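The values are calculated or read from the model by the stated rules, or taken from the named source; none is laboratory data. Fair warning: this is a prediction, and the values are worked out from it, not measured in the lab. For neighbour counting, all protein chains shown are included, and Cβ atoms are generated from backbone atoms with ideal geometry for every residue, glycine included. What goes into the accessible areas is simple: the full protein's heavy atoms, side chains included, and nothing from ligands, DNA or RNA. Shrake-Rupley method; radii C 1.70, N 1.55, O 1.52, S 1.80 Å.
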Amino acid sequence: MLFLSKVALRYLTSNIIQTTLLISGVALSVVVFVFITALINGLALYLTAEVTSKIAHVELEPPNTVSRVLTDNDRFVAAPVSTFRRKQIRNWQQVLELAEKMPGVKTVSPTIDGNAFLTRGEAVLPVAVQGVSPDKIDAMADLSSNLIAGNADLSAGGLLVGVELAEELNLAVGGPVLMRSERGAERLIPITGIFKSGVSSLDRRVAYISIGAARPLFDLPNGVTTISIKLDDPDEAPRVAKALQDATGLKATPWQEKNKTLEEATDAQGRTGVFIQSFAMIAIIISISSALLLSSYRRRAEIGIMRAVGISRRFVAGVFVLQGILIGGISALLGAGLGYQLCVTLASIQGANGRPSLPIAPSEGGYALVITLTIIGAALAAVLPARAAAAVDPVDAIQQ
């Protein structure tokens, strides 16, 4: 084994420029692999964080009401479902306590959800109204830090609206707006604050009010429509939802079910990344295989002499396979290090808004994977040159 290593190293160091160029080319492919992996994984983490920071991770709602069949005869008879009074969670205080005690739960907020129209002059716009506890206005979405005017204090019965909604109705902090709920109740409400979340669906069609002010508007004197839950780890939402649904009998929906397009988008990005990574590995295999194949032809005379003095075919093949492994190992470590430094540098570049210009995650570069794949790929790439070198006939090689 020692002699095998010496011969392989001698072959590699006999032409420093060629070996350096080969290692540099393979290392560059490794850098591309690391960069693409860190970028795609970082983008997935960024999108997930952006979505989960503005929504509830688990939502508890009353179960769907189904018409009840009254008789068992051949004629279909069912009791109609009343839609006059809204579905609600009546024992929400007990459910709130139960949810707060569950491991992994960060915060719990009762909510009254409803639809209404905001009227100012001749302008009328529909809005989705969320009645929340004034002390939990930032429980699901950090609205306080996104305020551009006024404040987020809803304890006085004011209304918090998005910037696009405010612009369409020409609303200003302190100014009144008429709200007409889906239940026919009307109230003149002052604007407490205006926020800008950056999400058009929130900034244009969602308004926040205190839960006390929402009760008469939506005819819910005691219950709530939704209990929103924020978790320490959003990925645990399906598990927590299942546990709460079993414990309370309520309909529990994890955020993944309401954002399936995000999961599909991240999956598509992952498949694109695998496609690019595969090309990087193919480039590594081709470059190593072609270089070692050229070396085997150039060293036919040396190989013929070794074979003539009794060196086995297996030894000759092992020399070239070991060369491939050494090239792959050195290139993988060098490329992984350079790729990490590149990712760190790019992640530190910030845009005008103070956020990173590229949503890249240096820790998600797949370093162990690329090093392993590069070494395995290099070893496989050396098989063809090794077989060609082992097949050299000593007599023909010496005569040439």
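Select from the range 295-305 the residues that are touching a residue at least 12 places away in the same chain (Cβ under 8 Å) and assigned to a helix (DSSP H, G or I) and write down the one among them that is most open to solvent (accessible area, probe 1.4 Å).
Checked the range 295-305; the qualifying residue most open to solvent (accessible area, probe 1.4 Å) is Tyr297.
Out of the residues in the range 174-204 meeting the condition of being open to solvent by 70 Å² or more (accessible area, probe 1.4 Å) and either of a type in the set (A, V, I, L, M) or under 30 Å from Asn259 (Cβ atoms) (or both), tell me which one is modelled with the lowest pLDDT.
By that ranking, first place goes to Ser201.
Just give me the residues in the range 113-131 being free of Cβ contacts under 8 Å to residues at least 60 places away in the same chain and either under 19 Å from Gly212 (Cβ atoms) or of a type in the set (D, E, K, R) (or both), in sequence order.
Scanning the range 113-131 gives Arg120, Glu122.
With the condition kept exactly as written, say whether any residue in the range 262-278 is buried (at least 21 other Cβ atoms within 10 Å of the Cβ) and either more than 26 Å from the chain's Cα centre (by Cα) or not acidic (Asp, Glu) (or both).
Yes; the residues of the range 262-278 include at least one that is buried (at least 21 other Cβ atoms within 10 Å of the Cβ) and either more than 26 Å from the chain's Cα centre (by Cα) or not acidic (Asp, Glu) (or both).
Could you tell me how many of the residues in the range 290-339 are of a type in the set (A, V, I, L, M) and more than 30 Å from Gly366 (Cβ to Cβ)?
Of the residues in that region, 11 qualify.
What single numbered condition from (1) within 15 Å of Gln130 (Cβ to Cβ); (2) open to solvent by 40 Å² or more (accessible area, probe 1.4 Å) fails to hold for Pro221?
Pro221 satisfies all of (1) within 15 Å of Gln130 (Cβ to Cβ); (2) open to solvent by 40 Å² or more (accessible area, probe 1.4 Å) except (1).
Output the residues belonging to the range 158-203 that are touching a residue at least 24 places away in the same chain (Cβ under 8 Å) and charged (D, E, K, R).
Of everything in the range 158-203, those that are touching a residue at least 24 places away in the same chain (Cβ under 8 Å) and charged (D, E, K, R) turn out to be Glu164, Glu168, Arg180, Glu182, Arg183, Arg187, Lys196, Asp203.
Residue-by-condition table, conditions (1) open to solvent by less than 30 Å² (accessible area, probe 1.4 Å); (2) under 23 Å from Val316 (Cβ atoms); (3) in contact (Cβ under 8 Å) with a residue 24 or more places away in the chain:
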position	(1), (2), (3)
Ser5	no, yes, yes
Leu12	yes, yes, yes
Leu28	no, no, yes
Phe33	yes, no, yes
Thr37	yes, no, yes
Leu47	no, no, yes
Glu50	no, no, no
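Pull out all pairs, ordered by first then second residue, where Cβ-Cβ is under 6 Å, the residues are six or more apart or on different chains, the first lies in the range 215-235 and is closer than 22 Å to Gly104 by Cβ, and the second is open to solvent by 30 Å² or more (accessible area, probe 1.4 Å) and polar (S, T, N, Q).
Lys230/Thr107
Does the range 309-355 hold any residues that are hydroxyl-bearing (Ser, Thr, Tyr) and either crowded, with 18+ Cβ neighbours inside 10 Å or in a helix (DSSP H, G or I) (or both), and which are they?
Ser331, Tyr340, Thr345, Ser348
With Gly131, Gly150 as the choices, which residue is in contact with a strand residue (DSSP E or B) (Cβ under 8 Å, 6 or more places away or on another chain) and either β-branched (Val, Ile, Thr) or over 30 Å from Lys242 (Cβ atoms) (or both)?
The conditions single out Gly150.
In this structure, is Ser133 under 27 Å from Gly223 (Cβ atoms), crowded, with 17+ Cβ neighbours inside 10 Å, in contact with a Ser or Thr (Cβ under 7 Å, 6 or more places away or on another chain) and of a type in the set (S, T, N, Q)?
It is false that Ser133 is under 27 Å from Gly223 (Cβ atoms), crowded, with 17+ Cβ neighbours inside 10 Å, in contact with a Ser or Thr (Cβ under 7 Å, 6 or more places away or on another chain) and of a type in the set (S, T, N, Q).
Quick one: in the range 136-152, which of the residues that are over 20 Å from Ile227 (Cα atoms) and surrounded by 15 or more Cβ atoms within 10 Å (Cβ to Cβ) is nearest to the chain's Cα centre (by Cα)?
Asn146
Out of curiosity, is Leu21 modelled with pLDDT of 80 or more, within 40 Å of the chain's Cα centre (by Cα), open to solvent by less than 90 Å² (accessible area, probe 1.4 Å) and at negative phi?
No; evaluated as a whole, the condition is false for this residue.
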